[in-house]
1. Out of A:337, A:320, report the one residue that is in the same structural domain as residue A:435 (by TED's automatic domain parsing) and closer than 28 Å to residue A:446 by Cβ.
2. Out of (1) assigned to a helix (DSSP H, G or I); (2) crowded, with 18+ Cβ neighbours inside 10 Å; (3) facing chain B (nearest Cβ under 8 Å); (4) touching a residue at least 12 places away in the same chain (Cβ under 8 Å), the odd one out for residue A:268 is which?
3. Could you tell me which numbered condition residue A:229 fails, if it satisfies all but one of (1) part of a helix (DSSP H, G or I); (2) more than 30 Å from residue B:64 (Cα to Cα); (3) among the polar types (S, T, N, Q)?
4. So which of A:238, A:277, A:248 is at the interface with chain B (Cβ under 10 Å from one of its Cβ atoms), without any contact (Cβ under 8 Å) to a residue 40 or more places away in the chain and surrounded by 12 or more Cβ atoms within 10 Å (Cβ to Cβ)?
5. If I go through region B:214-229 residue by residue, how many of them are of a type in the set (D, E, K, R) and either touching a strand residue (DSSP E or B) at 6+ places or on another chain (Cβ under 7 Å) or within 11 Å of chain A (Cβ to nearest Cβ) (or both)?
6. Would you please name the residue that is farthest from the chain's Cα centre (by Cα), looking only at residues in region A:77-92 that are farther than 13 Å from residue A:154 by Cα and surrounded by fewer than 17 Cβ atoms within 10 Å (Cβ to Cβ)?
7. Taking the condition under 18 Å from residue A:440 (Cα atoms), in the same structural domain as residue A:431 (by TED's automatic domain parsing) and surrounded by fewer than 20 Cβ atoms within 10 Å (Cβ to Cβ), does residue A:381 pass?
8. Would you check which residues across region A:321-340 are crowded, with 17+ Cβ neighbours inside 10 Å, among the hydrophobic types (A, V, I, L, M, F, W, C) and more than 10 Å from chain B (Cβ to nearest Cβ) and list them?
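The values are calculated or read from the model by the stated rules, or taken from the named source; none is laboratory data. Quick caveat, the model's predicted, so the values are computed rather than measured. Here Cβ is always computed from backbone atoms with ideal geometry, including for glycine, and neighbour counts include all displayed protein chains.
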Amino acid sequence: MIRRFLPRSLLGQMLLSVALALLVAQSISLVLRYQAEERRIENGLVNELAFQLVADPRIEFATRDDQRADRQERRRLRIERALESPQLQGESRNRERERALHQVLESQGVAVSELVVISREVSRDRYIMDGLRRGGRFLRNRWDPGGELVVAGMKRAGEDQWLIARAPRPERPRSTMVGIIMQTLILYLVMVGGLYLLLRRITRPLAALTRRVERFGGVADGAPPMEPSGPEDTRRLITAHNAMEARIAGLLDEKDVMLGAIGHDLKTPLAALRVRIESVDDEAERAKMAATIEDITHSLDDILSLARVGRPSDPLERTELSALIASVVDEYEDMGEDVALGETERVALPVRATWLRRAIRNLVGNALRYGSEARISLTRENDQAVIRIADAGPGIPEDQIAHMTEPFTRGETSRSRETGGAGLGLTLARAIAEQHGGTLVLSNVNGEDGAIVGLLAEIRLPL
Amino acid sequence: MSDSSVRVLLVDDEASLREPLADYLSRQGFAVRQASDAAKARSALLEEVPDLILLDIMMPGEDGISLCRHLVESRKLPVIFLTAKGEAMDRIVGLEIGADDYVVKPFEPRELVARIRSVLRRAGKNGAAQTDTEAHYEFEGWHLDPLKRRLTDPEGTVVPISSAEFRLLVALLDHPQQVMDRDRLLDMVQGREAHLFDRAVDNQISRLRRKVEVDSRDPKLIQTVWGGGYMLAAEVKRFVPVTD
């Protein structure tokens, strides 16, 4: 499920993993720094309370619970003396802070008999609220009625008065959070951006190389070899690829030259033979010899074509398919064969007419050889041009039909020399269909009673 | 001219083909001389100028294409190529450098004889072969390149036509807006596919119509003329393309 959303490219995966690693590292650092900050603030608070409790008894505050209401108190409101513990009903003591405060006081040599630390809202603290009501800018700056404060009450050993210190509860260290998030964002921009630029130097030549390899068909299409670019490793890959491309092109050129030579060397003696049989007097015998030579020539052409089909030398040309098919049908019609042109539509496609004509000829030839008649049609279906060649022959057993387009395969029922052909006709037709980005599909046609009444060959070409 | 007065120079490096072919052509009544390579062909030409040359393309030393170029440029001699390759490229190369026709090995000897006669007939009519075979035809937005035998419709789509259809179309294009009766068409078109025309010209006309008419049941371009004939109802322009 998640896999679907993960980037697949090198660039995407690298960027994602770096971003994740950075996120984890920054999160840990954030937690650590947050904790340290909190401890620092807590220590500050405890120290402030301790300072008030230890230092204050030396400064006189004329504040008494009973007199406070009617006296104009202008001095700094700092510490309260009371007979009661500052803990109000429903308030719970903060043991942790008590322990910390106790430690500090003890280290200052104060003998503590009782210690209470609680936190409460400023608005519920009568002492501070009274002080605020009396005014004083200092007080107002220090105390926010909407905030909280920490109250520490201490009774020294041997005294019955409580000393009560107050400090505003410090806010959570939000500013550090903002800082670290900003820092993370900047790091992200710098690192991810830099990495992106760097990786692009690698992936761009790689993408170009991929396109090149996909396009490469061994044809010297005049395109110059790829310019090596990117980091050294990528450059070396491109250089190696160029060398391989040149080697393959060389081999294929050699193959073409060799095929040309084979064609020439075999066809010349065949031509000589064809001329010589003209001196055979027996008309029937001469016709048989001529037919044999024609078979050999046909097989030779199929072999040579099959060897060249992946590397055609002629360009694609926008061609009227119905006219192409009609011209093949007319050829057979002129030879007196039983061919019928069925439904045709005008469909113009970029094709290699020489090749496609050959494929159609092979299929029509097959239909006539094994099925004694051929019905040809051309229709436009969805985004395909479909050429159908149907015969009325025995079809092909279902278990063999898939193998029929493999080289040198012929239907078992017809494996006799008389039928002729090297069995390359269908292979070549399929290869030509594929050369045009299409397919060749063979299927049996079943009659109403389920028996096979013929074979249907379909060439499907993308529009 | 009768065949006995026709002098043919046969140029092929393969003696196994050249000799029986020379014998065969002699039996058919041609006066045949042989040459086993381009150099010997050139010296044979100095002694006597033939009416037609049969030329193998693939030969050691100077090949047939180079020799053909020389022959067409300097002597305007009709040339038929003998080639082992049958691909379209070869035909175009062969015809563009001025050969009149080609046969693919192994060919039927009778077919070769038919083509020799056809080329000679055309050469005789035109004075020399290759007078204006290079000029393209243009009619109603259609385009015909006679060298490549390439017909394209107004949208530039190639419409494949057979040799018989090509000859028929050229005959009509050469006489636009003139009534051509069946016999005259048959006579002009009769070439290497002479046997095809044992079937009616009408058959070829209807095939051609299927390809070039918008509606072949209501033909506008190739019209039937009452009284027996056909007429191309279009203006035809001819031009020699600067580059193709």
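1. Working: A:320 fails: closer than 28 Å to residue A:446 by Cβ.
So the residue among A:337, A:320 that is in the same structural domain as residue A:435 (by TED's automatic domain parsing) and closer than 28 Å to residue A:446 by Cβ is A:337.
2. Failing condition for residue A:268: (4).
3. Condition not satisfied by residue A:229: (1).
4. Working: A:238 fails: at the interface with chain B (Cβ under 10 Å from one of its Cβ atoms); A:248 fails: at the interface with chain B (Cβ under 10 Å from one of its Cβ atoms).
None of the other options fit; the residue is A:277.
5. Filtering region B:214-229 down to residues of a type in the set (D, E, K, R) leaves B:215, B:217-218, B:220.
Still in the running and either touching a strand residue (DSSP E or B) at 6+ places or on another chain (Cβ under 7 Å) or within 11 Å of chain A (Cβ to nearest Cβ) (or both): none.
Qualifying residue count, region B:214-229: 0.
6. First pass over region A:77-92, keeping only residues farther than 13 Å from residue A:154 by Cα: A:77-78, A:88-92.
When the remaining residues are screened for being surrounded by fewer than 17 Cβ atoms within 10 Å (Cβ to Cβ), the result is A:78, A:88-92.
Details: A:78: 66, A:88: 64, A:89: 64, A:90: 60, A:91: 59, A:92: 57 Å.
Only one residue fits best here, namely A:78.
7. Working: under 18 Å from residue A:440 (Cα atoms): yes; in the same structural domain as residue A:431 (by TED's automatic domain parsing): yes; surrounded by fewer than 20 Cβ atoms within 10 Å (Cβ to Cβ): yes.
Taking the combined requirement at face value, the residue satisfies it.
8. Within region A:321-340, A:339 is the sole residue that qualifies.
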